[in-house]
1. With a sphere of radius 11 Å drawn around the Cβ of residue 2, what net charge do the other residues whose Cβ falls strictly inside it have (Lys, Arg +1; Asp, Glu -1)?
2. For the chain, what is the charge dipole size about the Cα centre, in debye to the nearest 20, if Lys and Arg each add +1 at the Cβ and Asp and Glu each add -1 at the Cβ?
3. Taking square-rooted eigenvalues a ≥ b ≥ c of the alpha carbon gyration tensor, is segment 7-74 rounded, prolate or oblate, where a/c under 1.5 means rounded and, failing that, a/b exceeding b/c means prolate?
4. How many lysine pairs does segment 87-164 hold where the Cα atoms are under 25 Å apart and the two sit 8 or more places apart or on different chains?
5. Given axes a ≥ b ≥ c from the Cα gyration tensor, I'd like to know whether segment 114-160 is rounded (a/c under 1.5), prolate (a/b larger than b/c) or oblate.
6. Per DSSP H run of at least 4 residues, take -39500 (n - 2.57); add these up for the chain, divide by its residues and hand me the 222 nm value, nearest 500 deg cm²/dmol.
7. Please state the relative contact order of segment 9-107 as a whole percent: Cα pairs under 8 Å, 6+ residues apart?
8. About the Cα centre of segment 87-164, how large is the charge dipole given +1 on each Lys and Arg Cβ and -1 on each Asp and Glu Cβ? Please answer in debye to the nearest 20.
Amino acid sequence: MRHGDRVVSAVFSPDGRYVVTASWDNTARIWDAETGQPLADPLRHEYCVNSAVFSPNGRYVVTASRDNTARIWDIGLGAVGTPTPPWVADMAEAVAGQRLTDFGMLEPLENQFQAIQAVKRKIERDNNPAHADWVRWATWFFADREKRTISPFSDITIPEYKKMHPEEFEDD
């Protein structure tokens with residue numbers, strides 16, 4: 001686990017599988033506690049990051065920086081140890097419109113639209129409680145981009161956010 005400058009904080013995730021570090025290189029980073037390998041892109045601030053901690057459920061990281069900000073980062077699915085549903089690979093292929101052959105070559109799907117519809121049906125039928133976050137994320141992913149929430153786990157819609165922060169959308 002190496003940063004570009006002094007590490008000032010290191011905290012384990014609630015399940016002990018991950019470590020989040022804060023550094024004077026203006027980043028916080030998430031590491032695999034067993035291998036020491038980074039698991040995501042650095043969480044960047046404008047100035048030194050003094051502190052970083054996981055939320056109790058392990059889904060978020062909160063950082064505090066000398067740039068006078070504290071940020072809440074949704075660190076994504078899988079980071080809390082939830083099993084990956086079998087339809088995730090099908091979704092990746094359907095969205096990309098390509099699949100890997102047994103020889104490791106990419107080939108186009110015969111009908112991307114049908115592949116996406118098939119994945120949507122799998123998502124709708126997935127009632128495994130362990131997949132609930134994945135189902136929520138995939139449902140959000142396929143939702144109308146102008147009407148969906150600002151993130152899979154938010155209750156604020158994009159139109160609501162735009163009303164709350166009109167200065168960010170003056171050029172729209």
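1. Numbers: positive: 29; negative: 5, 25.
Here the charged neighbours net out to -1.
2. Numbers: 19 positive and 26 negative charges, 92 e Å.
Using Cβ point charges on Lys, Arg, Asp and Glu, the chain gives about 440 debye.
3. Prolate shape, in that a/c is at least 1.5 and a/b is the bigger ratio.
4. Step by step, the pairs that qualify in segment 87-164 add up to 4.
5. Values: a/c = 3.74, a/b = 1.45, b/c = 2.58.
Note, shape of segment 114-160 comes out oblate.
6. After summing the helix terms and dividing by residue count, I get -7500 deg cm²/dmol.
7. Once normalised by length, the contact order is 18 percent.
8. Using Cβ point charges on Lys, Arg, Asp and Glu, segment 87-164 gives about 360 debye.
Values in this text are rule-based calculations from the coordinates and carry no lab data. The shown structure was predicted, so the numbers you read here are calculated from the model rather than taken from an experiment. Don't worry about glycine lacking a Cβ; one is built from the backbone with ideal geometry, like all the others, and counts go over all protein chains shown.
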